[in-house]
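Structure first, then comments.
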Amino acid sequence: MPTGFLVEIEAREDKVEEVEAFLHEAIGMAEREDGMHVWLAGRSGPANFLTFNTFPDAAASDAHMVGELATAFSARADELLACPPRIVAYEVVEQKLPGRGNARG
């Protein structure tokens, strides 16, 4: 079953631009993860960001957690973030992806 993570991020007041720059750079890392279906980054407030991603199965989401993007983010979290990120793991009930159909295939 497809899975995913919603990650809520609060940047330190003086690191907002650096967090946004990191998210712009992170798209390249996300594109290199073969097991990632979707990766989105957005802004939800002056210093608040979120990422949303989906994977085809638990193995791909587990691989993401030790992959390039998660490792790079973890390495800079203390420097950039006002508090630990809030990570919500979920199972995808249904999805529509360009050119891929729905979650059931």
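Under the Kirkwood approximation applied to all pairs of distinct alpha-carbon atoms, what is the hydrodynamic radius of segment 3-84 in Å?
In segment 3-84 this quantity evaluates to 12.9 Å.
Over the chain, what is the relative contact order in percent, taking alpha-carbon pairs closer than 8 angstrom and at least six residues apart?
Dividing the mean separation by the residue count of the chain yields 42 percent.
Rounded to whole Å and ordered largest first, report the semi-axes of the equivalent ellipsoid of segment 40-105 derived from its Cα gyration tensor (root of 5λ).
Here the semi-axes work out to 26, 16, 10 Å.
For labels at residue 75 and residue 6 in the simple 7 Å Cα→Cβ model, what's the distance in nm?
Between residue 75 and residue 6, the label points sit 3.0 nm apart.
Gaussian network model of the chain, Cα springs within a sub-10 Å range: biggest mean-square fluctuation belongs to which of 19, 38, 88?
Most flexible of the set in this elastic network: 88.
The numbers here are math on the coordinates, done by the rules we state, and not lab data. Just so it is clear, the model here is predicted, and its values are computed rather than measured. Note that we place each Cβ from the backbone using ideal geometry, even for glycine, and neighbour counts take in every protein chain shown.
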